[in-house]
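J.: Structure in structure tokens, see below.
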There are 2 protein chains.
Amino acid sequence: LAPDELSIIDRYFRPLAGEGAFNLRDDAARLDIPTGCELVVTADMIAESVHFLPADPPDTIAQKALRVNLSDLAGKGARPLAYVLSAGLGPAVDETWLAGFAAGLKRDQDRFAVTLLGGDTMSAPRETVISITAFGCAPKGKMVHRFGGQAGHALYVSGTIGAGAVGLALLKGEHGVWDRLAEQQRDVLKTRYRVPEPRVAMASVLADFASAAMDISDGLIGDCDKLAGASRCSALIEAERVPLPDGLAPVWDEDLLARLLTAGDDYEVLAAVSPGNEAGFMEAVTKAGVAVTRIGGLRGGSGPTQVLFRGKELSLKRRSYVHGRPEAS
Amino acid sequence: LAPDELSIIDRYFRPLAGEGAFNLRDDAARLDIPTGCELVVTADMIAESVHFLPADPPDTIAQKALRVNLSDLAGKGARPLAYVLSAGLGPAVDETWLAGFAAGLKRDQDRFAVTLLGGDTMSAPRETVISITAFGCAPKGKMVHRFGGQAGHALYVSGTIGAGAVGLALLKGEHGVWDRLAEQQRDVLKTRYRVPEPRVAMASVLADFASAAMDISDGLIGDCDKLAGASRCSALIEAERVPLPDGLAPVWDEDLLARLLTAGDDYEVLAAVSPGNEAGFMEAVTKAGVAVTRIGGLRGGSGPTQVLFRGKELSLKRRSYVHGRPEAS
């Protein structure tokens, strides 16, 4: 690694530091919590060759590292405040890479109104590893959990499901129905894999109207199992209602549908909403500019989510996506 | 990696979770800040072959990862509250390693009154990387900084300087005057490298009496440069006053002395104390059970710390220790 830690911090990270970071010139930061807020904390680590590809543009790696954390906060009803970055930089990291990485952070700091609070930088012997801890603020007593859903509550998802998975398949050169898409649509999906779209605008809507919520990072079905399990319910999803990316919907290939419903990298929100809150939820989420779709609901009992497709059980080879493990064949 | 992420969390990390962690069954945690406190945040990442040796016992790796963070908090006058752990686990990590690692965390959680708040676990392709973000609580308005020291303030260090560096030399089989130490003394120094002793008990003393402070992680002299620089002063250290580990003091070998004063892994506290606060500081720190030594003071002007040994400038080949870089020859 050519540039040393102090010059990296000086040149690339100091300009990103915000309130309480003391210009990254102290050993620790002070995080001021806005009045009436509770502090929500999340941490996600991403690694080269596991969560991103070595050839990915460095600004997108930075954005992904930050956004997977912002997505977690959004799913808990928390608007982002700040983050701490620990970076183990591999031998391939040079000034150009660092400049791109910092530019990606800056862009998202501006867009999502967060600042860098502190962190740690070191040379990693081989793969680059980026560890972010992010801080968010939920109105006092209104943090949203995986638990809290009840039988009779509707299940909604934001955006579309499967875009990240198709983007990864395209980036890996895997053939499939996506080959039929226009080049521009394919580019949108590739970008979506590299740079997810955290539903930050939904945070306050969830805090006000959701009984339970989480971001979908390991596949819709497996994550729905988690939300329903934590809420001591079971879930029913009607697969034909699940919104798929433009150009892929409607997909009447059941194998592909099953794959998209259990693939990773969606970073959309899954939310349970009580019948009394549905109208308010829809109004608020529309105002926030986020498209949501009702895909099913919570029921009594326990056990895995039942996934119906045109009234019949959809056959699933897996329920969740595990990063770093090859796609199930 | 044999055990998967969920079973690792279940078996090893869930028992460590505290208040606000929701049993590690949610996507984020809630951190409650005690009344009258300001939240202090620090992050340190340690990596195999850089900050610890592959053969180090896993409980000591866990303790080191946590303690380097607690040491940062202590130097800022903050008592620890909780921490978030992100772990990239290399291929050599198995159930035995994980059990040892968790046992090390548990031991230190009990000793330092902190709990696990959340985190992330993944398989790392090669080296194990442990990233911790730790949270502490300083009395409102009393967080201690590197800045704040003034000309005329005395400089104190806790404990001894150089124990970690000698411990590392012993573990690497490097020969030196430490070969003359009794086996038990050598073992103490090796343990000290692996498991530093964060001065948590000093936190409230620093908050009450220090004008500036920091933990010494990259060598006393270089870190003193940082404190003096941030305080817009210069510093003078009388090297013969610097407390060295038992059996090595007094060292009249100037090369060795220079090496110990600029070696890493001390994790002691360097504090500036105004003349009016020295009596109170000494009384409080004695009550806290931590030995401190006055080694010099802050002066006007700027520039690197002047290091005198018996009245003459001590010759230094470097001022700081950089992890992962070979010892200066």
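The values are calculated or read from the model by the stated rules, or taken from the named source; none is laboratory data. Everything numeric here is computed off the predicted structure, so don't read it as measured data. Positions of Cβ are generated from backbone atoms using ideal geometry, with glycine treated the same way; all protein chains shown enter the neighbour counts. These area figures cover heavy atoms from the full protein model, side chains too; ligands, DNA and RNA do not enter into them. Shrake-Rupley method; radii C 1.70, N 1.55, O 1.52, S 1.80 Å.
J.: Quickly run through region A:133-154 and pick out the residues that are open to solvent by less than 10 Å² (accessible area, probe 1.4 Å) and away from chain B (no Cβ under 14 Å).
T.: Going through region A:133-154, the residues open to solvent by less than 10 Å² (accessible area, probe 1.4 Å) turn out to be A:133-138, A:144, A:149, A:154.
Of everything in region A:133-154, just one residue is open to solvent by less than 10 Å² (accessible area, probe 1.4 Å) and away from chain B (no Cβ under 14 Å), namely A:154.
J.: Here are the criteria: (1) surrounded by 15 or more Cβ atoms within 10 Å (Cβ to Cβ); (2) more than 21 Å from residue B:215 (Cβ to Cβ); (3) not hydrophobic (A, V, I, L, M, F, W, C). Tell me which single one residue B:245 does not satisfy.
T.: So the condition that residue B:245 fails would be (2).
J.: Looking for something within 29 Å of residue B:245 (Cα to Cα), crowded, with 17+ Cβ neighbours inside 10 Å and either at pLDDT below 95 or out of contact with any Ser or Thr (no Cβ under 6 Å at 6 or more places or on another chain) (or both) - is there at least one such residue anywhere in region B:119-132?
T.: Yes, region B:119-132 contains a residue that is within 29 Å of residue B:245 (Cα to Cα), crowded, with 17+ Cβ neighbours inside 10 Å and either at pLDDT below 95 or out of contact with any Ser or Thr (no Cβ under 6 Å at 6 or more places or on another chain) (or both).
J.: I've got another one for you. Restricted to region A:37-52, and to residues that are more than 7 Å from every other protein chain (Cβ to nearest Cβ) and open to solvent by less than 10 Å² (accessible area, probe 1.4 Å), which residue is modelled with the highest pLDDT?
T.: Within region A:37-52, the match that is modelled with the highest pLDDT is A:46.
J.: Would you say residue B:76 is within 11 Å of another protein chain (Cβ to nearest Cβ), at pLDDT 95 or above, out of contact with any Cys (no Cβ under 6 Å at 6 or more places or on another chain) and open to solvent by 30 Å² or more (accessible area, probe 1.4 Å)?
T.: On the way: within 11 Å of another protein chain (Cβ to nearest Cβ): yes; at pLDDT 95 or above: yes; out of contact with any Cys (no Cβ under 6 Å at 6 or more places or on another chain): yes; open to solvent by 30 Å² or more (accessible area, probe 1.4 Å): no.
No.
J.: Still on this structure, I have one more. Test residue A:29 against the criterion of being within 12 Å of another protein chain (Cβ to nearest Cβ) and more than 30 Å from residue B:224 (Cα to Cα), and give yes or no.
T.: Criteria not met by residue A:29.
J.: Residues being farther than 30 Å from residue B:17 by Cβ and of a type in the set (S, T, N, Q): count how many of those fall in region B:128-171.
T.: So the count comes out to 3.
J.: Quick one: which helices (runs of 4 or more DSSP H) sit completely within region B:220-318 and have at least 3 residues that are modelled with pLDDT of 95 or more? Talk me through it step by step, then tell me what you get.
T.: On the way: elements: B:220-230, B:254-261, B:278-287.
Once the helices (runs of 4 or more DSSP H) in region B:220-318 are filtered for at least 3 residues that are modelled with pLDDT of 95 or more, what remains is B:220-230, B:278-287.
J.: In region A:204-238, which residue that is of a type in the set (A, V, I, L, M) and surrounded by fewer than 22 Cβ atoms within 10 Å (Cβ to Cβ) is nearest to residue A:71 (Cα to Cα)? Give the steps one after another, and end with the answer.
T.: As a first pass, look at region A:204-238 and keep what is of a type in the set (A, V, I, L, M): A:205-207, A:210, A:212-214, A:216, A:220-221, A:227-228, A:230, A:235-237.
With surrounded by fewer than 22 Cβ atoms within 10 Å (Cβ to Cβ) added as a condition, the list becomes A:207, A:230, A:236.
Details: A:207: 14, A:230: 19, A:236: 24 Å.
If we take residues in region A:204-238 being of a type in the set (A, V, I, L, M) and surrounded by fewer than 22 Cβ atoms within 10 Å (Cβ to Cβ), then A:207 is nearest to residue A:71 (Cα to Cα).
J.: Given the options B:115, B:160, name the one that is at pLDDT 95 or above and out of contact with any helix residue (DSSP H, G or I) (no Cβ under 7 Å at 6 or more places or on another chain).
T.: None of the others qualify; the one that does is B:160.
J.: When residue B:89 is evaluated against the numbered criteria (1) touching a residue at least 60 places away in the same chain (Cβ under 8 Å); (2) within 12 Å of chain A (Cβ to nearest Cβ); (3) closer than 22 Å to residue A:73 by Cα, which criterion, by number, is the only one it fails?
T.: For residue B:89, the exception is condition (3).
J.: While we're here: In region B:11-36, what residues are acidic (Asp, Glu) and either touching a Leu at 6+ places or on another chain (Cβ under 7 Å) or exposed (fewer than 14 other Cβ atoms within 10 Å of the Cβ) (or both)?
T.: B:19, B:32 - these are the residues of region B:11-36 that are acidic (Asp, Glu) and either touching a Leu at 6+ places or on another chain (Cβ under 7 Å) or exposed (fewer than 14 other Cβ atoms within 10 Å of the Cβ) (or both).
J.: Return the total of residues in region B:92-118 being open to solvent by 70 Å² or more (accessible area, probe 1.4 Å) and closer than 27 Å to residue B:73 by Cα.
T.: 5
J.: Given the criterion more than 14 Å from chain A (Cβ to nearest Cβ), under 21 Å from residue B:264 (Cα atoms) and β-branched (Val, Ile, Thr), identify the matching residue among B:157, B:68.
T.: The unique qualifying residue is B:157.
J.: While we're looking at this one, here's another question. State the number of residues belonging to region A:113-129 that are within 7 Å of chain B (Cβ to nearest Cβ) and closer than 24 Å to residue A:199 by Cα.
T.: Of the residues in region A:113-129, 1 are within 7 Å of chain B (Cβ to nearest Cβ) and closer than 24 Å to residue A:199 by Cα.
J.: I would also like to ask the following. Given the conditions (1) surrounded by 23 or more Cβ atoms within 10 Å (Cβ to Cβ); (2) closer than 23 Å to residue A:59 by Cβ; (3) within 10 Å of another protein chain (Cβ to nearest Cβ), which single one is not true for residue A:163?
T.: (3)
Yes or no, residue by residue, for (1) closer than 17 Å to residue B:75 by Cβ; (2) among the basic types (Lys, Arg); (3) in a loop (DSSP other than H, G, I, E, B):
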site: B:130; (1), (2), (3): no, no, no
site: B:135; (1), (2), (3): yes, no, no
site: B:157; (1), (2), (3): yes, no, no
site: B:167; (1), (2), (3): no, no, no
site: B:175; (1), (2), (3): no, no, yes
site: B:187; (1), (2), (3): no, no, no
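J.: Would you pick out the residues in region A:256-286 that are over 25 Å from residue A:69 (Cβ atoms) and either in contact (Cβ under 8 Å) with a residue 12 or more places away in the chain or small (Gly, Ala, Ser) (or both)? Break it down stepwise before answering.
T.: Initial filter on region A:256-286 (over 25 Å from residue A:69 (Cβ atoms)): A:256-259, A:274-280, A:282-283, A:286.
Passing the criteria: A:256, A:257, A:258, A:259, A:274, A:275, A:276, A:277, A:278, A:279, A:280.
J.: Can we say residue B:259 is more than 22 Å from residue B:149 (Cβ to Cβ) and either of a type in the set (Ser, Thr, Tyr) or surrounded by fewer than 24 Cβ atoms within 10 Å (Cβ to Cβ) (or both)?
T.: For residue B:259, the condition - more than 22 Å from residue B:149 (Cβ to Cβ) and either of a type in the set (Ser, Thr, Tyr) or surrounded by fewer than 24 Cβ atoms within 10 Å (Cβ to Cβ) (or both) - is met.
J.: Still on this structure, I have one more. Looking at residue B:55, is it outside any strand (DSSP E or B), surrounded by 24 or more Cβ atoms within 10 Å (Cβ to Cβ) and more than 8 Å from chain A (Cβ to nearest Cβ)?
T.: no
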